[in-house]
1. Which of [x] 12.2; [y] 11.2; [z] 16.4 is the computed mean projected area of the Cα convex hull in nm² for the structure on display?
2. Taking the chain, how many lysine pairs are there with alpha carbons less than 28 Å apart, if each pair must be eight or more places apart or span two chains?
3. So how much slack lies between V86 and T183, counting 0.36 nm per residue of separation and subtracting their Cα-Cα distance, in nm?
4. Any chance you could run the full-extension gain for E134 through I210? It's 0.36 nm times the residue separation minus the Cα-Cα distance, nm to one decimal.
5. Return the calculated 222 nm mean residue ellipticity for the chain, to the nearest 500 deg cm²/dmol, obtained by summing -39500 (n - 2.57) across DSSP H runs with n ≥ 4 and dividing by the residue count.
6. Hey, in the GNM for the chain with a 10 angstrom Cα cutoff, which one of N156, N107, N22 fluctuates hardest?
7. According to a simple spin-label model (label point 7 Å from Cα along Cα-to-Cβ), what is the distance in nm between V155 and A39?
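Throughout, read-outs are computed from the coordinates displayed, never taken from laboratory work. The structure displayed is predicted, hence computed values, not measured ones. For neighbour counting, all protein chains shown are included, and Cβ atoms are generated from backbone atoms with ideal geometry for every residue, glycine included.
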Amino acid sequence: MADILQEIASNLYDGDDKTVANLVQRALDQGSAPEEVLAGGLIVGMDEVGKDFKAGDLYVPEVLIAARAMHAGMGILRPLLAEADVPTAGKYLIGTVEGDLHDIGKNLVRMMLEGAGFETVDLGTDVKPEGFVEAVREHQPQVVGMSALLTTTMVNMKTAIEALVEAGLRDSIKIMVGGAPVTAAFAEEIGADAYAPDAASAVDVARQFIE
């Protein structure tokens with residue numbers, strides 16, 4: 001059984017979505033539990049992608065292709081995992097802050113998190129502070145990710161965090177920020193819990209928060 005899971009991981013890494021979907025189905029047909037296929041196949045494959053992306057051996061297009069293969073496998077597993085009430089790695093809410101319409105980095109983080117077994121709630125772009133507040137109330141995530149690509153919009157991360165403080169929700173969540181102009185010093189200055197320089201690091205930090 002370990003062989004087929006290894007095959008899933010390696011085809012996911014190569015971005016072969018059709019083969020990944022077929023192998024996931026075959027593993028299930030052979031009696032593997034959905035959570036076993038997720039942990040031993042898809043998550044192992046995406047972890048490898050994340051590691052090589054961080055090291056500079058893979059680039060954004062390759063990660064996106066691998067993520068597409070991961071989604072092909074998840075399409076088969078998701079209903080079974082929900083049916084079996086398998087707990088996720090955690091719930092992560094993510095959005096690009098008000099005034100900013102960039103979403104490639106955010107989408108990459110979301111895909112990597114899903115590949116690591118997180119349940120994600122994507123608020124999209126140009127999210128107003130009250131949008132974050134309402135979503136935290138509704139979805140009750142453990143972690144909130146805020147993204148910005150422009151120096152003119154990164155200040156809106158601070159406004160969003162202040163809105164969460166005012167709403168009395170700040171202590172119930174961990175806040176991560178990221179994006180091209182964002183730094184660890186800026187994250188500290190605005191009261192965020194962490195800064196992630198790339199999508200793979202975002203997964204590592206999120207895992208630490210959930211542990």
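1. [y]
2. 21
3. My answer for the length gained is 31.3 nm.
4. Length gained between E134 and I210: 25.2 nm.
5. That comes out to -18000 deg cm²/dmol.
6. Taking springs between Cα atoms under 10 Å, the residue moving most is N22.
7. Placing both labels 7 Å beyond Cα along the Cβ direction yields 4.8 nm.
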